[in-house]
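Novice: Mind having a look at this structure? Questions to follow.
Readers should treat all values here as calculations from the given coordinates under stated rules, not as data from a laboratory. Keep in mind that this is a model prediction, so the values were computed, not measured.
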Ligand code: GAL
Ligand code: CA
């Protein structure tokens, strides 16, 4: 299996960095050693594992005669206290820029204080601190994506399929009975994705009936378990499963498989992320669609920003929203375009 996009993204980044070095010679170089310290909330997260693999690859790819890079990555294992300690350790080890994926996105003050004391800028990613916290210091940045856009796209994908295929309304009552699998409570992507997906379905003329929802914290095994509960409660009534990410959509599919459901009695499933396993499931027609969370773009933006912050080159070439934010666009993936992103080996 190969994900085609990664290479393309890496190439673009290197070219732009070479250009940047060529034309900025008269500028003062702060230092040409970019030592990045990364800490992320939990290593069991599929999407973040893939994002960080791309980050390492792209950081490595921009090494040149002039530029030296190194990265240290720490898994916070779901503990904010551990993550605070890791930030201290990374700064003590000489990291001159930090990439932080908060465990508890509402609690970044200790980390910000530590970084400010040592004048080490922070690029937060994927788990967005609230706006007031981002104002605590002027060397704080955020790289991520707009949750609302992913929800709308998921809803539109589902609405298109429902309009094309009258079999999805299995009991022929003119309504689609649906359930939702939600990500972590308090995460900027969880509730907004659900709300906007449902709103987009309605705006596209689909009549809906919500049967239930469960929280499964982005996790495949938890989603399987929660889905088994909902199947035992609603039996054959469920026609659509909206999941806040691909891993939870796949967990829902696992639940039906375990209970030996046949294709004709399955609901349709939609995810978000376009992880390797998610794309594979779309290619295999298990997952009807997903929304690509541009991890290569996000990782590339983090690399570019880290290099610019440390070297002093290239900040003027980065496009920010509200001076500190970089949001990469999502895009829709279904069986018609999945081949552009994914191919079987
Ligand atoms: C979301 C992503 C999830 C999970 C979460 C972690 O953006 O869709 O799969 O990775 O971030 O914060
Ligand atoms: Ca129905």
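Novice: Work out how far the C-alpha atoms of the range 42-85 reach from end to end along every principal axis, then list the three figures in whole Å, largest first.
Specialist: The Cα atoms of the range 42-85 stretch 39, 24, 7 Å along the principal axes, largest first.
Novice: Would you kindly give the portion of the calculated P(r) for the range 24-183 that falls above 24 Å, as a percent of all Cα pairs? Please report the intermediate quantities before stating the final value.
Specialist: Numbers: 6147 of 12720 pairs.
Of all Cα-Cα pairs in the range 24-183, 48 percent lie more than 24 Å apart.
Novice: Right, here's the next one. Calculate the tail of P(r) for the range 224-280: the fraction of all Cα-Cα distances greater than 16 Å, expressed in %. Kindly include the intermediate steps, with their values, before the conclusion.
Specialist: On the way: 594 of 1596 pairs.
That fraction is 37 percent.
Novice: Based on alpha-carbon centroids, what's the gap between the range 32-64 and the range 268-345 in Å, whole number please?
Specialist: If we compute the Cα centre of each part, the gap is 14 Å.
Novice: What number, rounded to the nearest 500 deg cm²/dmol, is the helix-based mean residue ellipticity at 222 nm of the chain, given -39500 (n - 2.57) per DSSP H run of at least four residues and division by all its residues?
Specialist: Details: 11 runs with 146 residues, N = 345.
Helix-only estimate at 222 nm: -13500 deg cm²/dmol.
Novice: So, one more: Using only the alpha-carbon atoms of the range 93-156, report the extent along each of the three principal axes, biggest first, to the nearest angstrom.
Specialist: Cα extents, longest axis first: 47, 22, 20 Å.
Novice: Over the C-alpha atoms of the chain, what are the Rg and the largest Cα-to-Cα span, Dmax, in Å?
Specialist: 21.4, 71
Novice: Relative contact order for the range 73-152: what percent, with Cα pairs under 8 Å and sequence separation of 6 or more? Before the final figure, lay out the partial values.
Specialist: Working: 91 pairs, mean separation 20.5, N = 80.
Value for the range 73-152: 26 percent.
Novice: In whole angstrom, note down how far apart the Cα centers of the range 99-123 and the range 223-254 are.
Specialist: Each part's Cα centre sits 36 Å from the other's.
Novice: Pairs of Cα atoms under 8 Å, at least six residues apart: use those to get the relative contact order of the range 139-217, whole percent.
Specialist: On the way: 101 pairs, mean separation 33.2, N = 79.
Reported as a whole number, the value is 42 percent.
Novice: Report relative contact order for the chain in percent, whole number only (criteria: Cα-Cα under 8 Å, sequence separation at least 6). All intermediate terms of the calculation are to be shown ahead of the outcome.
Specialist: Numbers: 664 pairs, mean separation 74.0, N = 345.
RCO, the chain: 21 percent.
Novice: Which of the three applies to the range 174-238, rounded, prolate or oblate, going by the alpha-carbon gyration tensor with a ≥ b ≥ c and a/c under 1.5 meaning rounded?
Specialist: Numbers: a/c = 3.19, a/b = 1.13, b/c = 2.83.
It is oblate, given that a/c is not under 1.5 and a/b is not larger than b/c.
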